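Participant: Would you mind keeping the following structure in view while I ask a few things?
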Amino acid sequence: MADITIYHNPKCGTSRNTLALIRNTGVEPEVIEYLKTPPTRETLVALIAQMAVPVRDMMRRKEALYDELALDDPALSDDALIDAMRAHPILINRPIVVTALGTRLCRPSEAVLDILPLPQRAAFAKEDGEPVINEQGAHVAGR
């Protein structure tokens, strides 16, 4: 059984599609609704390091709170940005998926396909109807 964790927001379509793609492999992941159970500082720092991305790339810049807190200030340190995400988990971009093959911010949702250890088992389309996986379990390239 593959161990997969998703930091999930059930109100987010991208997050729901990503979770559905994981389940389409036959695996039930550990689902962490990060707004209810925010990651610890240590976990957040580890996720950022595993993805090898700048801290700002982990933030939802379109979130109103990002502007309200003036988090676009380039003088803010990574520690200050992490503190903001800890204080306001809505600022954490999602979904984040952790598998044995890597950790990834899955935007778009099909980015998860690169780190899933098991193949897709059935055809899959996003909530908006966009096909992602065909009947043979293969990724459908763009529209």
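Participant: About its Cα centre, how strong a charge dipole does the chain have in debye, to the nearest 20, once Lys and Arg get +1 and Asp and Glu get -1 at the Cβ?
Facilitator: 320
Participant: Could you please report the charge total around H139, scoring K, R as +1 and D, E as -1 over all other residues with beta-carbon less than 11 angstrom from its beta-carbon?
Facilitator: -2
Participant: Quick one: which of 20-28, 123-131 comes out on top by average Cβ neighbours within 10 Å, and what's the full order, highest first?
Facilitator: The packing order, highest mean first, is 20-28, 123-131.
Participant: Among (1) 11, 38, 32, 16, 4, 0; (2) 11, 41, 31, 14, 2; (3) 11, 42, 40, 7, 0, which is the computed P(r) over Cα pairs in 10 Å bins from 0, in percent?
Facilitator: (2)
Participant: Give the distance, in whole Å, between the Cα centre of the range 68-90 and the Cα centre of the range 30-56.
Facilitator: Answer, in whole Å: 14.
Participant: Still on this model: Figure the gain on full extension for A52 and T40 (residue separation times 0.36 nm, minus the Cα-Cα span) and round it to one decimal in nm.
Facilitator: Working it through step by step, the gained length comes to 2.5 nm.
Participant: Using modelled amide H (1.01 Å from N, peptide plane; none on Pro or chain starts), what sits under 5 Å from the amide H of I92, excluding residues fewer than 5 places away?
Facilitator: Placed amide hydrogens put R60 under 5 Å from I92.
Participant: When Lys and Arg each count +1 and Asp and Glu each count -1, what net charge do the other residues less than 13 Å away from I82, Cβ to Cβ, add up to?
Facilitator: -2
Participant: With unit charges on the beta carbon (Lys/Arg positive, Asp/Glu negative), name the residue among V55, L113, T40 whose Cα is farthest towards the positive pole of the charge dipole of the range 9-127.
Facilitator: L113
Participant: Can you find, among H88, L21, A122, the residue farthest towards the positive end of the dipole of the chain? Put +1 on the C-beta of Lys and Arg, -1 on that of Asp and Glu.
Facilitator: Of H88, L21, A122, it is A122.
Participant: I want the local charge near K36. Using Cβ-Cβ distances under 15 Å, sum +1 for each Lys or Arg and -1 for each Asp or Glu among the other residues.
Facilitator: +1
Participant: What lysines sit close enough to K36 to cross-link, taking a C-alpha to C-alpha distance under 24 Å and skipping anything fewer than 8 places away on the same chain?
Facilitator: Those lysines meeting the cut-off are K11, K62.
Participant: Using a 1.4 Å probe on the protein heavy atoms only, what accessible surface does H139 show? Give it in Å² to the nearest 10.
Facilitator: Looks like 100 Å² after rounding.
The values are calculated or read from the model by the stated rules, or taken from the named source; none is laboratory data. Just so you know, these numbers come straight off a predicted model, no measurement behind them. Heads up, the Cβs are rebuilt from the backbone with ideal geometry, glycines too, and the neighbour counts pull from every protein chain shown. Accessible surface is based on the protein model in full, side chains and every heavy atom, while ligands, DNA and RNA are left aside. Shrake-Rupley method; radii C 1.70, N 1.55, O 1.52, S 1.80 Å.
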